[in-house]
Amino acid sequence: MIRLLLIASTVLSLASAFLAFQTKVRGGQLTEDRETAEKKAQTSQEQLNKEKKQKKDLEEKLAKAEKEGGELKTSAEKAKTDLTQAKDESTKLAESLKEKDSELRKAKEEMSKPKTEDLKAATAESEAKIADLRGQLEKAQQAAQQQETRAEELVKQIAEMKRKKEEAVQKAIIAKKEAIKSTVGRVVAYNPDWNFIVVNIGDKNGVTSASNLEVQRSGKTVAKLQVTRVQPEETTAGLVPLNGAKFVKIEPSDVVVFADGGVSSSASVSTTLDTAKVP
């Protein structure tokens with residue numbers, strides 16, 4: 001009997017030592033995973049700081065471009081107004097010239113008859129007026145041509161400003177997508193009974209009700225998340241097991257990241273210049 005008790009005691013001691021060894025190994029792995037996650041978060045923060053600076057530069061360029069575009073638009077509208085006025089004046093001058101030409105023909109017809117001194121004087125006056133009107137018409141036509149050229153230049157400048165603005169917006173959208181891809185969240189609360197978690201990233205980090213989030217452990221996906229509530233700096237989501245597998249238990253080293261670029265197929269990317277932030 002005593003021998004059996006000694007054997008049982010020895011077996012229990014060995015089992016306890018084995019469990020202690022396994023616990024120590026598992027603890028070391030968790031520590032290593034946590035350090036890896038922290039390094040990733042630090043790298044993401046540095047990348048975000050760089051993207052913030054790029055965003056600020058883009059905003060300043062866009063503000064300047066919008067200001068210049070407004071000034072160009074105002075100048076173009078003024079040029080169009082001036083062009084219209086010049087064309088009207090040119091038309092009026094052309095009509096007046098036509099009338100004076102008619103008067104001149106009549107005067108010449110009268111001159112073919114026996115001329116008097118009064119008729120000669122009237123004819124000379126008419127010819128002088130016609131020459132003056134022709135000079136005014138030429139000046140008006142030149143002014144109209146200059147206005148048309150200026151208007152065309154302004155239209156080209158506005159089109160170029162619009163193209164640059166669209167390029168800046170597209171770059172900002174790409175920067176936002178890249179920032180969302182690098183965003184890493186941490187679990188701040190976990191309820192195993194109801195199978196939901198609370199994460200420390202929210203709509204300030206680009207999370208929406210349509211976002212595809214997943215839980216990763218050691219770089220591998222262990223569960224999907226279905227977003228149920230989004231706040232500025234927190235998100236509540238239900239756990240969705242992978243391929244019908246059983247629910248997994250959330251561990252302290254687990255992290256939450258965006259899947260598939262951070263936006264679901266039904267969600268649209270905002271064209272604002274606000275980028276996601278890493279907590």
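The values are calculated or read from the model by the stated rules, or taken from the named source; none is laboratory data. Because the structure is predicted, anything quoted here is derived from the model rather than measured. Heads up, the Cβs are rebuilt from the backbone with ideal geometry, glycines too, and the neighbour counts pull from every protein chain shown.
Per the conditions (1) surrounded by 11 or more Cβ atoms within 10 Å (Cβ to Cβ); (2) under 57 Å from the mean Cα position of the chain (by Cα); (3) at pLDDT 80 or above; (4) among the basic types (Lys, Arg), the sole criterion not satisfied by ARG163 is (1).
Among residues of segment 48-72 being exposed (fewer than 15 other Cβ atoms within 10 Å of the Cβ) and more than 16 Å from the chain's Cα centre (by Cα), the one that is farthest from ALA172 (Cα to Cα) is GLU71. I'm trying to understand the selection: among the residues of segment 113-127, which are loosely packed, with under 14 Cβ neighbours inside 10 Å and at pLDDT 70 or above? Selection gives LYS120, ALA121, ALA124, GLU125. Of the numbered criteria (1) at pLDDT below 85; (2) closer than 30 Å to GLY28 by Cβ, the one VAL188 fails is (1). Scanning segment 208-225 for residues that are crowded, with 16+ Cβ neighbours inside 10 Å, polar (S, T, N, Q) and in contact with an Asp or Glu (Cβ under 8 Å, 6 or more places away or on another chain) yields ASN212, GLN216.
On inspection, SER253 fails the criterion of being at pLDDT 85 or above, under 23 Å from LYS39 (Cβ atoms), touching a helix residue (DSSP H, G or I) at 6+ places or on another chain (Cβ under 7 Å) and outside the structural domain of ALA168 (by TED's automatic domain parsing). When SER75, SER44, SER90 are checked against the criterion of being under 30 Å from THR183 (Cα atoms) and outside any loop (DSSP other than H, G, I, E, B), a single residue qualifies: SER44. When segment 220-236 is filtered for residues that are assigned to a strand (DSSP E or B) and either of a type in the set (S, T, N, Q) or not assigned by TED's automatic domain parsing to the domain that holds PHE258 (or both), the ones remaining, listed by number, are THR221, GLN226, THR228, THR235, THR236. Of everything in segment 233-245 that is under 27 Å from the mean Cα position of the chain (by Cα) and at pLDDT 95 or above, the residue that is surrounded by the most Cβ atoms within 10 Å (Cβ to Cβ) is THR235.
Cβ separations smaller than 7 Å between residues 6+ apart or across chains give the following pairs from segment 188-207 residues that are in the same structural domain as GLU251 (by TED's automatic domain parsing) and surrounded by 16 or more Cβ atoms within 10 Å (Cβ to Cβ) to residues that are among the small types (Gly, Ala, Ser) and part of a loop (DSSP other than H, G, I, E, B): ASN205/ALA276; GLY206/ALA276. Per the conditions (1) surrounded by 14 or more Cβ atoms within 10 Å (Cβ to Cβ); (2) under 30 Å from ILE158 (Cα atoms); (3) of a type outside the set (S, T, N, Q); (4) not assigned by TED's automatic domain parsing to the domain that holds GLU127, the sole criterion not satisfied by ALA86 is (4).
Quick grid of which residues meet (1) free of Cβ contacts under 8 Å to residues at least 24 places away in the same chain; (2) surrounded by 11 or more Cβ atoms within 10 Å (Cβ to Cβ):
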| residue | (1), (2) |
| --- | --- |
| LEU5 | yes, no |
| SER9 | yes, no |
| SER13 | yes, no |
| PHE21 | yes, no |
| GLY27 | yes, no |
| LEU30 | no, yes |
| ARG34 | no, yes |
| GLN42 | yes, yes |
| GLN45 | no, yes |
